[in-house]
Amino acid sequence: MERFQQVYGISLTKKKLWEIIRMLMALEAVFAFSYLGYIELPGISTTTQHVLVIAAAMMLGARGSVAVALVFAATSMWIGSYTPSQLDRLFSPFVSGMPLGSLMLAAARVVFAAISGWLYGLYFRKPRRHVYLGIGGIAVVSTFLHGVCIFGALYAFFPMLRQMILENLFSYPMFRDWLSYALAAAGCCCIHWALSRESVKRHMEDLCEANDLVWEPGHQKLLIYAEIGAIVTGILCVLFLRKVIFRELAVQKITVEGPLGQNLTAFLLQTLAAFVGLFSIVCILIRWVYEYYTSQRIRMNRKLLEQRVKISIDPLTGVFSRLAYHEAMEQYSGPLPGDLTVFLMDINGLKGVNDALGHSAGDELICGAAHCITQAVGDRGKTFRIGGDEFVVLGNMQRSQAQEILATLTQTLAAWSGTKVKALSLSTGCAFAADYPTYSIEKLTREADKAMYAQKEAYYRQTQPAPHP
């Protein structure tokens with residue numbers, strides 16, 4: 001995982017790494033147990049598709065390529081047990097007559113995969129300039145290495161084939177299958193190109209971040225039920241197909257017994273394995289799509305929440321903003337709680353400070369007022385700045401607690417002193433829902449506003465000839 005992160009900048013988690021490996025293993029099973037594994041084209045070896053999958057898995061290191069090679073070896077053993085080809089039968093320890101030699105052929109494929117992964121890691125130990133040439137070269141060498149390992153194992157563990165191998169050595173696919181080499185090189189270069197795209201990296205990172213994603217209720221179970229249902233459906237389809245084939249053979253008066261029956265059963269089991277492998281790939285892709293779009297939705301909701309919190313906080317004072325105030329007012333659309341208390345507070349003389357000392361001094365006065373109010377209110381209410389110098393406090397409290405807040409506020413204001421402004425004065429008004437049981441929140445706020453303006457008028461009468469704001 002560390003090398004994959006170093007080469008592609010993608011931090012694969014262990015879970016995502018094994019999901020990718022399982023997908024490649026399932027793809028290998030599909031190639032081996034479906035008609036795809038039997039495509040024969042001029043100049044292309046029948047093992048080319050398998051080697052391509054392993055060469056692609058080498059980008060995950062030996063951990064990925066060896067796991068896929070093990071599936072390749074296991075499927076070769078299975079197919080070799082039922083094939084009429086004498087050479088292919090050597091891969092099965094059950095029918096080859098030399099089980100140790102057959103196991104060594106399986107080991108040879110694992111060795112080939114491990115060396116391929118090691119070569120890829122060796123190449124990227126240092127930054128490279130001509131990356132595509134290097135990857136293409138490793139893919140070609142890996143494809144050639146597969147032939148070397150297989151024919152080396154055949155020569156070492158099947159003595160009766162040595163003379164034939166030596167006489168026909170240069171006619172074997174590993175020396176003449178140039179199109180397979182080209183396909184391996186092109187395939188690995190395309191995979192590297194895709195993994196190097198910033199968009200792919202971003203999507204892979206999103207998938208890895210979605211590992212801790214909490215699935216919505218029922219979705220995880222639904223996917224599991226779908227997997228089980230697909231497997232059961234596949235088994236039923238294979239049983240039905242077997243019944244149809246055997247019935248047709250009976251109509252043709254062909255006796256199904258011995259090798260023919262075994263081969264037909266093996267073919268049907270291979271079809272089922274290919275179906276299960278294909279559906280496993282689809283399930284992993286569906287899981288990734290679900291995780292990706294769910295993580296995007298969660299991320300978008302998180303950003304919206306952060307933005308909402310950001311605009312709900314007044315940037316100058318740190319108290320709640322006017323938007324948050326309107327949202328809070330909507331919560332009181334019904335009958336008001338009996339202990340609801342509304343405070344309205346306004347800074348005295350802010351305009352004079354702005355005119356005389358500048359707006360920075362006025363901002364200091366506003367921040368000082370917010371600090372004094374929040375210190376006096378504490379956790380007994382929420383403080384909102386709804387205008388330039390106007391604050392509202394909403395809280396559920398008794399009358400004695402409200403009077404305590406006003407007393408604490410008076411003391412806090414008296415002790416406050418700024419760097420540009422030395423004194424701070426507030427006009428306050430207070431209204432209790434218990435005094436106006438039929439009032440809406442708007443009417444109750446207006447009562448607090450009336451009390452606040454009555455105090456402000458009294459303040460300006462005492463400080464004449466100070467201008468009224």
Near pairs, Cβ below 6 angstrom, 6+ apart or cross-chain, from the stretch 181-195 (in contact (Cβ under 8 Å) with a residue 40 or more places away in the chain and polar (S, T, N, Q)) to any residue that is surrounded by 19 or more Cβ atoms within 10 Å (Cβ to Cβ) and part of a helix (DSSP H, G or I) | none
Hits in the stretch 388-400 - residues which are out of contact with any strand residue (DSSP E or B) (no Cβ under 8 Å at 6 or more places or on another chain) and in contact (Cβ under 8 Å) with a residue 24 or more places away in the chain = GLY388, GLN398
Within the stretch 199-213, is even one residue over 33 Å from the mean Cα position of the chain (by Cα), touching a residue at least 12 places away in the same chain (Cβ under 8 Å) and not assigned by TED's automatic domain parsing to the domain that holds ARG297?
-> no
Is it true that some residue in the stretch 335-345 is closer than 27 Å to LYS420 by Cα, of a type in the set (D, E, K, R) and touching a residue at least 60 places away in the same chain (Cβ under 8 Å)?
-> no
Conditions (1) more than 30 Å from ASP206 (Cα to Cα); (2) modelled with pLDDT of 85 or more; (3) part of a helix (DSSP H, G or I) -> PHE267 fails only (2)
Condition met for TYR459 (more than 30 Å from GLY334 (Cα to Cα), surrounded by 13 or more Cβ atoms within 10 Å (Cβ to Cβ) and more than 54 Å from the chain's Cα centre (by Cα)) | yes
Output the qualifying pairs, or none if there are none: Cβ atoms under 6 angstrom, residues six or more apart or on different chains, first residue in the stretch 367-378 and closer than 14 Å to LEU394 by Cβ, second residue surrounded by 22 or more Cβ atoms within 10 Å (Cβ to Cβ) and not β-branched (Val, Ile, Thr).
-> ILE373/PHE391
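Table: residues versus (1) surrounded by 19 or more Cβ atoms within 10 Å (Cβ to Cβ); (2) assigned to a helix (DSSP H, G or I); (3) assigned by TED's automatic domain parsing to the domain that holds ARG63.
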{"residue": "GLY101", "(1), (2), (3)": "yes, yes, yes"}
{"residue": "LEU105", "(1), (2), (3)": "yes, yes, yes"}
{"residue": "ARG109", "(1), (2), (3)": "yes, yes, yes"}
{"residue": "ALA114", "(1), (2), (3)": "no, yes, yes"}
{"residue": "GLY117", "(1), (2), (3)": "yes, yes, yes"}
{"residue": "LEU122", "(1), (2), (3)": "no, yes, yes"}
{"residue": "PRO127", "(1), (2), (3)": "no, no, yes"}
{"residue": "ILE135", "(1), (2), (3)": "yes, yes, yes"}
{"residue": "ALA139", "(1), (2), (3)": "yes, yes, yes"}
Is one or more of the residues making up the stretch 62-82 at pLDDT below 85, assigned by TED's automatic domain parsing to the domain that holds TYR181, surrounded by fewer than 17 Cβ atoms within 10 Å (Cβ to Cβ) and assigned to a helix (DSSP H, G or I)?
-> yes
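The values are calculated or read from the model by the stated rules, or taken from the named source; none is laboratory data. None of these values were measured; they are calculated from a predicted model. Reconstructed Cβ throughout: ideal geometry from the backbone, glycine too, with neighbour counts over all protein chains shown.
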